[in-house]
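Contents: one structure, followed by commentary.
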């Protein structure tokens, strides 16, 4: 069982397992059929304010990750994070993001938390 992070614009692969979209907004230019998203837990995505703050270039990735982890302590986020953890226990999970740099995105923070 593993957690992978991939761009949602990459075509689905047979070893993706459960595909979980971890962006708050649906990716531009993609149909639901083409993406093959199994889960879309919006409450575990960064808030609009945090996302805008980070993309404005005002902070480091480490500071963003800390603030994002703090957001994940809310009731709804905790419940949905537990649901995704259950998926990880059952098999492979691929976290999908539209980010051009997934290794510096919230998806990588989520993957680390899910693997812990």
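Points to keep in mind about this one:
- Of the criteria (1) modelled with pLDDT under 95; (2) part of a strand (DSSP E or B), which one residue 5 fails: (1)
- Any chance residue 32 is over 15 Å from the mean Cα position of the chain (by Cα), more than 17 Å from residue 105 (Cβ to Cβ) and surrounded by 11 or more Cβ atoms within 10 Å (Cβ to Cβ): no
- Some residue of segment 56-74 being touching a residue at least 24 places away in the same chain (Cβ under 8 Å), under 20 Å from residue 2 (Cα atoms), touching a helix residue (DSSP H, G or I) at 6+ places or on another chain (Cβ under 7 Å) and surrounded by 16 or more Cβ atoms within 10 Å (Cβ to Cβ): no
- In a residue-by-residue description of segment 35-53, the property of being within 19 Å of residue 115 (Cα to Cα), surrounded by fewer than 11 Cβ atoms within 10 Å (Cβ to Cβ) and without any contact (Cβ under 8 Å) to a residue 40 or more places away in the chain applies to no position.
The values are calculated or read from the model by the stated rules, or taken from the named source; none is laboratory data. On a predicted model such as this, the values are computed, not experimentally measured, just so you know. No Cβ is skipped: glycine too gets one built from the backbone with ideal geometry, and neighbour counts run over all protein chains shown.
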